[in-house]
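First comes the structure, then the notes that go with it.
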Amino acid sequence: DPPPPVRLHGSAVQQRIGKESLKAGDHIYSWRAAWVYAHHGIYVGDDKVIHFTRGRDQEVGTGTVIDFLLVSSGPNRSTTPCLVCSSEEATTAAETNGVTSSCLSCFLAGGALYRFEYDVNPALFLAKVRGGTCTLAATDPGEVVVRRAKYLLTNGFRCYSLFK
């Protein structure tokens, strides 16, 4: 198989990955709204991704740019439930704690799949104009990352505010 296509983004190169290369604990993302925002998640195996979403009573609607980014960051809401990941339990959890689990397809919402890069060299880090796609820090072992993501799925992540 040929390697996935390389996409130019800002002044740095990002390589799309195929889902067959995913490992449990991978930090993944997909661009939303014409590359304005990247939606991040943790691949936990079995075609499932744990990621943040707006919790119950955290809806937006003031008509600001922030609203647009928040609405476009999550998976597309379809009128037809996904046969793979839709369940009443998953919906209830997402409504109450801001963390949800979905299938990879729903997480991607039609976008391309990218793996967040850890332990990159400083030159590459500085070359990436768009932040949020790599870090100088080392990654934790996959099993630790999965355990942390499952903890947040079960226990929630309190309301996040840019201004507090």
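Taking Cys134 and the conditions (1) surrounded by 15 or more Cβ atoms within 10 Å (Cβ to Cβ); (2) touching a residue at least 60 places away in the same chain (Cβ under 8 Å), which numbered condition does it fall short on, given that it satisfies the others?
The one condition Cys134 does not meet is (2).
Looking only at segment 107-123, decide whether some residue is of a type in the set (Gly, Ala, Ser), modelled with pLDDT under 85 and surrounded by 13 or more Cβ atoms within 10 Å (Cβ to Cβ). I'd like the intermediate steps shown before the answer.
Of the residues in segment 107-123, the ones of a type in the set (Gly, Ala, Ser) are 109-112, 123.
Those left that are additionally modelled with pLDDT under 85: 123.
Subsequent filtering for residues that are surrounded by 13 or more Cβ atoms within 10 Å (Cβ to Cβ) retains none.
No.
So which pairs qualify, if the first residue must be in segment 94-105 and within 18 Å of Asp46 (Cα to Cα) and part of a strand (DSSP E or B), the second must be modelled with pLDDT of 90 or more and charged (D, E, K, R), the Cβ gap must be under 9 Å, and the two must be at least 6 apart or on different chains?
Close Cβ pairs (under 9 Å, with a partner that is modelled with pLDDT of 90 or more and charged (D, E, K, R)) amount to Ser101/Lys48; Ser101/Lys150; Ser102/Lys48; Cys103/Asp47; Cys103/Lys48.
Restricting attention to segment 124-156, which residues are charged (D, E, K, R), outside any helix (DSSP H, G or I) and modelled with pLDDT of 90 or more? Talk me through it step by step, then tell me what you get.
The initial filter retains those residues of segment 124-156 that are charged (D, E, K, R), namely 128, 130, 140, 143, 147-148, 150.
Still in the running and outside any helix (DSSP H, G or I): 128, 130, 140.
Answer for segment 124-156, where residues must be charged (D, E, K, R), outside any helix (DSSP H, G or I) and modelled with pLDDT of 90 or more: just Asp140.
The values are calculated or read from the model by the stated rules, or taken from the named source; none is laboratory data. Everything quoted here is computed from the prediction, not taken from an experiment. As a convention, Cβ positions derive from the backbone with ideal geometry for all residues, glycine included, and neighbour counts pool all protein chains shown.
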